[in-house]
Structures are given as structure tokens and as C-alpha cells.
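Chemist: Can you read through this structure? Questions will come right after.
The values are calculated or read from the model by the stated rules, or taken from the named source; none is laboratory data. What you see is a predicted model, and the numbers here were worked out from it, not measured in a lab. Cβ coordinates were reconstructed from backbone atoms using ideal geometry, including for glycine residues, and neighbour counts include every protein chain displayed. The protein model used for the area step is the full one, side chains on, heavy atoms only, and it has no ligands, DNA or RNA in it. Shrake-Rupley method; radii C 1.70, N 1.55, O 1.52, S 1.80 Å.
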Amino acid sequence: MITTDMHVHSMFSSDSKEDPHTIIAKAIEKGFSKVYFTDFHTEANGDGLPTKLKKLIRQHYEATGSEKAA
């Protein structure tokens with residue numbers, strides 16, 4: 001069973017309109033344990049992740065206790 005999606009684009013990329021909250025919710029519903037956002041054409045924030053997305057990922061980790069906080 002596949003439990004990781006290693007290449008997901010959200011609304012922070014030009015080729016998707018999906019909200020990161022929705023992507024994470026759908027991944028959880030499908031039993032995924034990890035989702036890697038690989039957005040491009042974003043405002044650079046050190047490692048290239050938009051501030052909102054980085055905060056969302058950190059909040060998810062803290063709420064679920066999964067992995068280490070980003």
C-alpha cells in the first residue's frame with residue numbers, strides 16, 4: 001500500500017488550484033502518512049516554501065505528533 005505522495009502541487013504553484021488544507025485532509029482520508037509539497041513559482045522564503053504553507057505543515061505535525069515539526 002502506498003502511504004506517501006512525494007510530489008504534490010498546491011495553489012502556490014501555477015498548475016493547481018487546490019488549497020493545502022484540502023490536500024492534507026484528502027491525504028489523511030486516503031491513509032497517507034506523508035505528503036511532500038513540491039510547489040514552484042512561489043515567493044522565496046529561505047527554502048522556497050511560502051510562509052503559510054510552512055506554518056500549515058508545522059501545525060499539522062504538532063497536532064498529530066507525526067514526524068518532527070517542520
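Chemist: Largest first, how would 37, 32 line up by accessible area (1.4 Å probe)? Could the numbers behind the result be given before it?
Modeler: Values: 37 30, 32 60 Å².
Largest accessible area first, the residues go 32, 37.
Chemist: Heads up, I need the accessible area for residue 60: 1.4 angstrom probe, whole protein in place, Å², nearest 10.
Modeler: Residue 60 has an accessible surface of roughly 50 Å² with all protein chains in place.
Chemist: Need one value: the accessible area of residue 4 in square angstrom, 1.4 angstrom probe, rounded to the nearest 10.
Modeler: Per-residue accessible area (residue 4): approximately 40 Å².
Chemist: A further question follows. Ordering 57, 2 by accessible area with a probe of 1.4 Å, largest first, what comes out?
Modeler: Descending order: 2, 57.
Chemist: Using a cut-off of 14 Å between beta-carbons, work out the net charge of the residues near residue 9 (Lys and Arg +1, Asp and Glu -1, residue 9 not included).
Modeler: -3
Chemist: Please find the FRET efficiency linking residue 1 to residue 54, where r is the Cβ-Cβ separation and R0 is fixed at 35 Å, and quote it to the nearest 0.05.
Modeler: The computed FRET efficiency comes out at 0.80.
Chemist: Here's something else I'd like to know. Once ligands and nucleic acids are excluded and a 1.4 Å probe is used, how much of residue 39 is accessible, expressed in Å² to the nearest 10?
Modeler: For residue 39, the solvent-accessible surface is approximately 30 Å².
Chemist: So, one more: So for segment 1-41, what are the equivalent ellipsoid semi-axes in whole Å, largest first, each being the square root of 5 times an eigenvalue of the Cα gyration tensor? Can you show the working numbers first?
Modeler: Working: eigenvalues 70, 24, 7 Å².
Semi-axes from the Cα gyration tensor: 19, 11, 6 Å.
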